[in-house]
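**Student:** Take this structure, written in structure tokens, and hold onto it; I'll ask about it next.
The values are calculated or read from the model by the stated rules, or taken from the named source; none is laboratory data. None of the values given here were measured: they were computed from a predicted structure. Here the Cβ is made from the backbone with ideal geometry for all residues, glycine too, and neighbour counts use every protein chain on show.
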Amino acid sequence: MEGNHDACRLVRPLFTAAVSATVLKSIPFTRTHVSGNELDYLTEAVRQGFTCGDGPFTRRATGLLKEMTGAAEALLTTSCTHALEMSALLLDLRPGDEVIMPSFTFVSTANAYALRGATPVFADCRPDTLNVDERRLEAAVTDRTRAVVVVHYAGVACEMEAIGELCERHGLTLIEDNAHGLGGAYRGRPLGSFGRMAAQSFHATKNAQCGEGGALLLNDAALAARAEIIREKGTDRGRFYRGQVDKYRWVDIGSSYLLSDVLAAQLTAQLESFGAIQSRRHAVWRGYHEELVDWAAENGVSQPMVPEGCAHPAHLYYLLLPDLDNRQAFIAHLAGRGVQAVFHYQPLHAAPAGLRYGRPAPGGCPVTERVADQLVRLPLFPDLDEADLARVIDAVLTYRVR
Ligand SMILES: *Cc1c(COP(=O)(O)O)cnc(C)c1O
């Protein structure tokens, strides 16, 4: 199991085994949320017959996204993975180029650049925020380095001042994989607005979702014209529809990265009710954080650390157990009480494809290796009600670290 997509797949198998003995309904790790207008907007999208990309709902969702992130341009895509692939195409990455990124992230962060033949260079994470350790980046820079990709784990910002300064000093492009960070901020500035480009995810497991979807945010307007072409199979179809050229042609390499307007309709409903979604997510996050303080201290368990100046969007709530044995026993303990908790990223630098296509930064990734074994995520979704929240907390409190 690796990455966020596990959430969808794990719900059924774990459950039937764990709770057959109890009459209580089991609590899934995640459940997609309907905010109100999704079904109306989906019907409208289908009725108006504009089901391909770049229709009325795409414009609405794009406008909302630009307001939320302050991005100069935003392009809806079929996924965050594809937005990252677009960033690699926009950078004209070539075999031998290097891209520095955390080892503790989802596979897509690395895949997008490896697909262009570039080498992912995996840097270790900080033990407190689990974000890429900004003090480890300098040593990873070589004369082949082209870009640094940061991931704001759990939506808690990386040390953007130090990282921005390093990128400037070495002439590197800064990219944010902001899949967790929509709605988060660093020193008052929205996440997604720091990189020259930023990738968002609207996968079913993310704070705002349309099943499968994403966006590429551009904070450098000079990239916009080419980004539009790359998203439209390398054609200037966008310009043709605006009457700027009299036919559309193949003008660059590209692929089919445009989100259907039907999915943009669902996304529009989610973005419009983002405030309500977020207040429920924050209530659950705070519930765990406050109620588990004493238990965590008594059992040598670490809770998330949110540095001063970081406003996080309650994307996920995790605990770090002392070791792998306790982590596994803790997950089993919760499952036995009808609570589905899951682990998260397995270190990319040690994964089969990570070994083949990338390499660790000098010093390796010992912190990543340790925390990947310790981490457990608790159920966190807008419709987790007070009673279920209390049940999860009770289940946690009855576990004793051994
Ligand atoms: C979810 C996620 C992705 C992939 O998102 P998709 O929209 O499913 O492609 C990429 N990076 C991170 C950090 C993620 O959490």
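**Student:** Check whether at least one residue in the range 336-352 is farther than 26 Å from I100 by Cα, buried (at least 20 other Cβ atoms within 10 Å of the Cβ), in contact with a Pro (Cβ under 6 Å, 6 or more places away or on another chain) and not assigned by TED's automatic domain parsing to the domain that holds R187, and report yes or no.
**Tutor:** yes
**Student:** On the basis of being without any contact (Cβ under 8 Å) to a residue 60 or more places away in the chain and within 15 Å of the ligand (Cβ to nearest atom), does L115 make the cut?
**Tutor:** yes
**Student:** I'm told H289 meets every condition in (1) over 30 Å from V376 (Cβ atoms); (2) free of Cβ contacts under 8 Å to residues at least 60 places away in the same chain except one. Can you identify the failing condition by its number?
**Tutor:** Looking at each condition in turn, H289 falls short on (1).
**Student:** Sticking with this one: Given the criterion away from the ligand (no atom under 16 Å from the Cβ) and assigned by TED's automatic domain parsing to the domain that holds D220, identify the matching residue among L75, L64.
**Tutor:** From the options L75, L64, the qualifying one is L64.
**Student:** Select from the range 101-139 the residues that are assigned to a strand (DSSP E or B) and closer than 20 Å to A154 by Cα and list them in ascending order.
**Tutor:** Residues satisfying the conditions are M101, P102, F122, A123, C125, V132.
**Student:** Quick check on this structure: which one of D124, D92 is on the phi < 0 side of the Ramachandran plot, over 16 Å from the mean Cα position of the chain (by Cα), acidic (D, E) and not assigned by TED's automatic domain parsing to the domain that holds Y318?
**Tutor:** That would be D124, the only listed residue that is on the phi < 0 side of the Ramachandran plot, over 16 Å from the mean Cα position of the chain (by Cα), acidic (D, E) and not assigned by TED's automatic domain parsing to the domain that holds Y318.
**Student:** Where in the range 330-402 are there helices (runs of 4 or more DSSP H), lying fully within it, with 2 or more residues that are touching a residue at least 60 places away in the same chain (Cβ under 8 Å) and out of contact with any strand residue (DSSP E or B) (no Cβ under 8 Å at 6 or more places or on another chain)?
**Tutor:** Here the list reads 366-374, 386-397.
**Student:** Sticking with this structure for a sec: Report, ordered by the first and then the second residue, all pairs with beta carbons closer than 6 Å, sequence separation of six or more or different chains, a first member in the range 41-70 that is at pLDDT below 95, and a second member that is surrounded by 15 or more Cβ atoms within 10 Å (Cβ to Cβ) and hydrophobic (A, V, I, L, M, F, W, C).
**Tutor:** T51/V262; G53/L258; G53/L259
**Student:** Moving on to the next point. Return the only residue of A147, A204, A157, A162 being away from the ligand (no atom under 12 Å from the Cβ), aliphatic (A, V, I, L, M) and surrounded by fewer than 23 Cβ atoms within 10 Å (Cβ to Cβ).
**Tutor:** A162
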